[in-house]
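I have placed the structure first, in the form of structure tokens, so that the comments after it can refer back to it.
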């Protein structure tokens, strides 16, 4: 787990340096913190580790996160496209289609609304660490596209965007890390941050 984080951190630092003013991500910008997105079980475990550490280092922050998680779950449960008991998203075509319109206005429960910053930043999922710089992502046509945050690279040329690309090896490395983690812990599927941080989460797996 730590090896992947180190690789992603180094790749992000490189992409940030090459992007200069084109990359406008900053504390207080919550563009990527609203609307649910799937995370791997490895990401979920990292988040739980971070939340557990707050019980010792910052109980008040822990309490605020826990309150936001429970409120988020109350909104998500009735329409969750998967098994709400385990928090695992379904992978069939109908559920995947439903997810496209699911909770697009739901703020991440780890987002502190008063500061616009992440309360578990050190433990955030890989997708949160890589969002912003240009990165190869699968397109609807089966081809990969170089995608960026819609707030960044607005005035950059196609060539400038390509020159800022995040290490293209990361998706494959992340997938391999997730497979190894799932195999080692007898886990499968993807979940959401609110379900990953649900109280007594381990009892539902």
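Just so you know, all these numbers are worked out from the coordinates, no wet-lab data involved. All figures in this text were calculated on a predicted structure; none of them were measured in a lab. Counting neighbours? That spans all protein chains shown, and the Cβs are built from the backbone with ideal geometry, glycine included.
Each helix, a run of at least 4 DSSP H residues, gives -39500 (n - 2.57); summed and divided by the residues of the chain, these come to -14000 deg cm²/dmol at 222 nm. Relative to one another, the C-alpha centroids of segment 162-194 and segment 63-105 are positioned 20 Å apart.
What shape does segment 14-149 have by the C-alpha gyration tensor, where a ≥ b ≥ c are the square roots of the eigenvalues, rounded means a/c under 1.5, and otherwise prolate means a/b greater than b/c and oblate the rest? Please report the intermediate quantities before stating the final value.
Values: a/c = 1.87, a/b = 1.08, b/c = 1.73.
Oblate shape, in that a/c is at least 1.5 and b/c is the bigger or equal ratio.
So for 192, 151, 47, fewest C-beta neighbours within 10 Å to most, what's the order? Display every interim value, and only then the final one.
Working: 192 27, 151 13, 47 22.
If I rank by nearby Cβ atoms, fewest first, I get 151, 47, 192.
Computed on the chain, with alpha-carbon pairs under 8 angstrom and 6+ residues apart, the relative contact order is 39 percent. Apply the a/c threshold of 1.5 to the C-alpha gyration tensor of segment 147-196 and tell me whether it is rounded, prolate or oblate. It is oblate, given that a/c is not under 1.5 and a/b is not larger than b/c. Taking 134, 107, 78 in turn, the Gaussian network model of the chain (Cα-Cα springs below 10 Å) assigns the largest fluctuation to 78.
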